[in-house]
1. Lys/Arg Cβ at +1, Asp/Glu Cβ at -1, dipole of region 65-296 taken about the Cα centre: which of THR101, PRO284, VAL252 is farthest positive-ward?
2. As I understand it, the dipole of the chain uses +1 on the Cβ of Lys and Arg and -1 on the Cβ of Asp and Glu, about the Cα centre. Which of VAL56, ALA298, HIS179 lies farthest toward its positive end?
3. For the chain, what does the alpha-carbon gyration tensor say about shape, rounded, prolate or oblate, given a ≥ b ≥ c as the root eigenvalues, a/c under 1.5 as rounded, and a/b over b/c as prolate?
4. Run the dipole for the chain about the Cα centre, Lys and Arg Cβ at +1, Asp and Glu Cβ at -1, nothing else charged, and hand back the magnitude in debye, nearest 20.
5. What's the magnitude of the charge dipole for region 1-150 around its Cα centre, counting Lys and Arg as +1 and Asp and Glu as -1 at the beta-carbon? Answer in Debye, nearest 20.
6. Sort ARG328, ARG371, ARG156 so the one with the fewest other Cβ atoms within 10 Å of its own Cβ comes first.
7. Considering only the chain, what is the antiparallel percent among its DSSP beta bridges, to the nearest 5?
8. So, in Å, what gap is there between the alpha-carbon centers of region 140-161 and region 321-394?
Amino acid sequence: MFEHHRAPAPDPILRVMQEFAEDPRPDKVDLGVGVYRTADGRTPVMRAVKAAERRVLETQQTKGYVALAGDPAFHAALGGLVLGQAVAPDRLAALATPGGTGAVRQAFELIRTAKPDATVWTSAPTWPNHGAILDTLGMPRRSYRYYSPDTSELDRDGLFQDLASVGAGDVVLLHGCCHNPTGADLSLADWQAIGRTLSQRGVLPMVDLAYQGFATGIETDVAGLRLLCSMVPEVLVTVSASKTFGLYRDRVGLLLAICGTPGAARAVQGSLAWINRQSYAFPPDHGARVVTEILSDADLRADWEAELMGMRYRIRAMRHALADALRRETNTDRFDWLRAQNGLFSRLPATADQVEALRREHAIYMVGDGRINLAGLTPDTADRTARAIASALS
Ligand code: PMP
């Protein structure tokens, strides 16, 4: 069977990781992989996670199965963090999943079950796995304009022109905050206008939320999503706890399906449990339990919020340090758009050759499309990185 088997092309980010690891230059800078890093290059276990894990270790009496859709207490805890009071609980169906990727996959499976010919519209550009999963499932997809490489800002006119041509029953996939790979986010006014357009056209919004708390605040980062939920009867939300709780390898994710009526929510809940059942049966529970523990305990929650705030401030400080240094190096405001963007990522207007030159000549590593992870910078490396970018992109 596998004699003539051909492996798919490796993920380009894995190649960047490998080349970085093999580079002997001591001053190399990794702006590639999309994880949070401290100033000394670590991706730490958060304090509240450690404390919650200790509690689980001491109090857990069984490793017996939980439920196909996961623990309802987890749905309520993480769902509450995301939606607040925006949606009546009886209109919600929820599914615990292995990470945000699992939630995206199961959301697409649900769409396919409900309407096999629905086209899923993704932003240009988007997180590459959106397209990869849709293609694997054989689902129709198209993209809408979102970001202008010429201005390095949101392409608002293009976005609204394209949304106006999406057909009834199709799905528009949005990023909740900290757009990956551009960092260019929607304003509240944009969310409102999108809500109006999608509800008029009968389009289902799906919101992928992988960085709550990384932009401007835990609550403010979901204000747009909550506004949308108040305007549109049905919304799918996919949540990743990988960054927000630093639980990457424990695989914690949640799919929320907001339905028009309690009856629809009950039917969708049944479908979701079945979708988990025929994929892997029960979702992982350990990380989900840790998240539930943190969000349900006032002290743990306060400590988690404080640590997350520190992470957010560090990312923003590095963003500003790079923008300041680029101003000095270029004597222009050419890179000032960096300041307006959110989260770990921005995208340099660099060609593949320029990205390669940054790696070869300056030991600065990033994804081939010019995406940089600001958390890969430190106060010591920001200036040198800006000098290299200014010279490679001159
Ligand atoms: N969606 C987006 C937009 C992401 O950037 C990521 C993480 N790279 C995910 C989903 C999935 O994250 P995970 O599966 O690691 O929780």
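Bear in mind these aren't lab numbers, they're just calculated from the coordinates by the rules spelled out. A quick note: this is a predicted structure, and the numbers were derived from the prediction, not measured. Glycine gets a Cβ as well: all are built from the backbone with ideal geometry, and neighbour counts include every protein chain shown.
1. PRO284
2. VAL56
3. Working: a/c = 1.58, a/b = 1.31, b/c = 1.20.
Prolate shape, in that a/c is at least 1.5 and a/b is the bigger ratio.
4. About 340 debye.
5. Numbers: 18 positive and 16 negative charges, 72 e Å.
The calculation lands at about 340 debye.
6. Details: ARG328 11, ARG371 23, ARG156 16.
Placing the least packed residue first, the sequence is ARG328, ARG156, ARG371.
7. Numbers: 17 of 35 bridges.
Approximately 50 percent, going by the DSSP bridge assignments.
8. The distance from the Cα centre of region 140-161 to that of region 321-394 comes to 22 Å.
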